[in-house]
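The values are calculated or read from the model by the stated rules, or taken from the named source; none is laboratory data. Note that the coordinates shown come from a computational prediction; the quantities given were computed from them, not determined experimentally. Here the Cβ is made from the backbone with ideal geometry for all residues, glycine too, and neighbour counts use every protein chain on show.
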């Protein structure tokens, strides 16, 4: 059957995350609405969709990648248009393309990039409240940057693993961990070969704890080495987080974005 | 009684505009929620609030100014904090200050600035849909800028007046009318000594009609001179519009923002 990959953007505010929950669909999930739209396109049968990142409740995407098979082939521009016609306005297909045989949006992914936006002024503009968390504290720039640098490299992130997670390994390689500063706002960009569940929110929780002086950079370094969830500061809220991009190795050896 | 002025930001999406409608408040308006919060602060009696701009349903604000009297004086930082504690999250008080005797947020205003954001790509990112209108057409830059220049100066905007409006004069002086361009997006900023109801949405409707080739710049110039609403292109949607700033003459002759 013909394989496809689509790039999705969504406002996660009104979704209980990506993943389909239970049967019947009483819970609104992104996977649920995408599969519903594809089932209509495919003439009724279920079309199972796999996403690169199973984003949590309230987490957004700007470059989520999903893969699926259709019973019959369809031109990519038609697929894009038809899906956007069927999807609710808080989910949009930005790109659609045929995928190579055996492509799997999650297993084939080489790296992912997330962005976290934090408003630090005393009052948050209502226009920002869906896509930025509000932490009304002055954060120390040098300390936040020292904490962000701690995350770089191949590390065991067991201290940031969620309870009940069942991953083979908690070791991940973080290749980018950068903080951008604006007046009363901070944008954190992190890239890795993979992320544990809630890991980015945990990383940001660490930045906030250090930035406001609740923990020192050394405390955070020790908490990372402890491989113990209880040692780590509280995770940052979901609303500030967006899955920005997923990269795949190209058949020729290059990178497919 | 002590007079106050506050600067307000709100996400207009879930409001039926600024102005209180009828009695009892079955309709959610910004004035309604602000007066409700002030009544609680004032111990129960109604506190009538006047706004600089009576924004329409779905229109946002980043620098709306409102004035009112309180039965008893209150320190400005306390007023700001107390109001933000009582208001819903889609309305925030950014500033609070004592106002001079006789200050009236609407009648004392010297000029207002509005911003309109228009996304012109084929697909709009869900993260932008609350604060930007989506017009999926390529707009001709030179033509849009020529249209924006038409609006400058002291003009009779009768062609942009809403039906049922009861203003004394439809003459306004536009002091700024500028278009900023980004990839797949356009930001229009307009400043005037005052605006007729729905005037900014009408001005943007004119820019879009000319930009996509539905009307020439000359057609638009003629429609403006016609002083006839039926001659003017359809107004742009409310969601792209934000009241950015209101300016007042300072007692000393300067400008109070």
Study note, to complete from the structure: Residues of region A:216-232 being in a loop (DSSP other than H, G, I, E, B) and surrounded by fewer than 22 Cβ atoms within 10 Å (Cβ to Cβ), in sequence order, are A:216, A:226, A:227, A:228
Review point. Looking at residue A:213, is it farther than 17 Å from residue A:131 by Cβ, within 19 Å of the chain's Cα centre (by Cα) and outside any helix (DSSP H, G or I)?
Key: no
Check your understanding: In region A:175-208, what count of residues is obtained for those that are over 19 Å from residue A:146 (Cβ atoms) and more than 13 Å from the chain's Cα centre (by Cα)?
Key -> 4
Review point. Do you know which of the residues in region B:7-39 that are outside any loop (DSSP other than H, G, I, E, B) and in contact with a helix residue (DSSP H, G or I) (Cβ under 6 Å, 6 or more places away or on another chain) is surrounded by the most Cβ atoms within 10 Å (Cβ to Cβ)?
Key: B:10
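Residues checked against (1) over 18 Å from residue A:129 (Cβ atoms); (2) modelled with pLDDT under 95; (3) touching a strand residue (DSSP E or B) at 6+ places or on another chain (Cβ under 9 Å):
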residue: B:49; (1), (2), (3): yes, no, yes
residue: B:58; (1), (2), (3): no, no, yes
residue: B:62; (1), (2), (3): no, no, yes
residue: B:72; (1), (2), (3): yes, yes, no
residue: B:78; (1), (2), (3): yes, no, yes
residue: B:85; (1), (2), (3): no, no, no
residue: B:94; (1), (2), (3): no, no, yes
Point to revise | Any hit, region A:56-71, residues being under 23 Å from the mean Cα position of the chain (by Cα), in a helix (DSSP H, G or I) and within 13 Å of chain B (Cβ to nearest Cβ) | key: no
Review point. If you scan region B:89-100, which residues turn out to be within 14 Å of another protein chain (Cβ to nearest Cβ) and either free of Cβ contacts under 8 Å to residues at least 12 places away in the same chain or more than 13 Å from residue B:7 (Cα to Cα) (or both)?
Key: B:89, B:90
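A quick yes/no check of all residues on (1) surrounded by fewer than 17 Cβ atoms within 10 Å (Cβ to Cβ); (2) modelled with pLDDT under 95; (3) within 14 Å of chain B (Cβ to nearest Cβ); (4) closer than 30 Å to residue A:73 by Cβ:
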| site | (1), (2), (3), (4) |
| --- | --- |
| A:102 | yes, yes, no, yes |
| A:162 | yes, yes, no, no |
| A:191 | no, no, no, no |
| A:203 | no, no, no, no |
Revision key, fill the gap. Per the filter on region A:31-55, residues farther than 18 Å from residue A:247 by Cα and within 14 Å of another protein chain (Cβ to nearest Cβ) are A:33, A:34
Exercise for review: Would you be able to say whether some residue in region B:53-64 is more than 30 Å from residue B:196 (Cα to Cα) and surrounded by fewer than 19 Cβ atoms within 10 Å (Cβ to Cβ)?
Suggested key: no
Review point. Is one or more of the residues making up region B:150-158 away from chain A (no Cβ under 14 Å), part of a loop (DSSP other than H, G, I, E, B) and surrounded by 19 or more Cβ atoms within 10 Å (Cβ to Cβ)?
Key: yes
Study note, to complete from the structure: Across region B:40-52, the tally of residues that are part of a loop (DSSP other than H, G, I, E, B) and in contact with a helix residue (DSSP H, G or I) (Cβ under 8 Å, 6 or more places away or on another chain) stands at 5
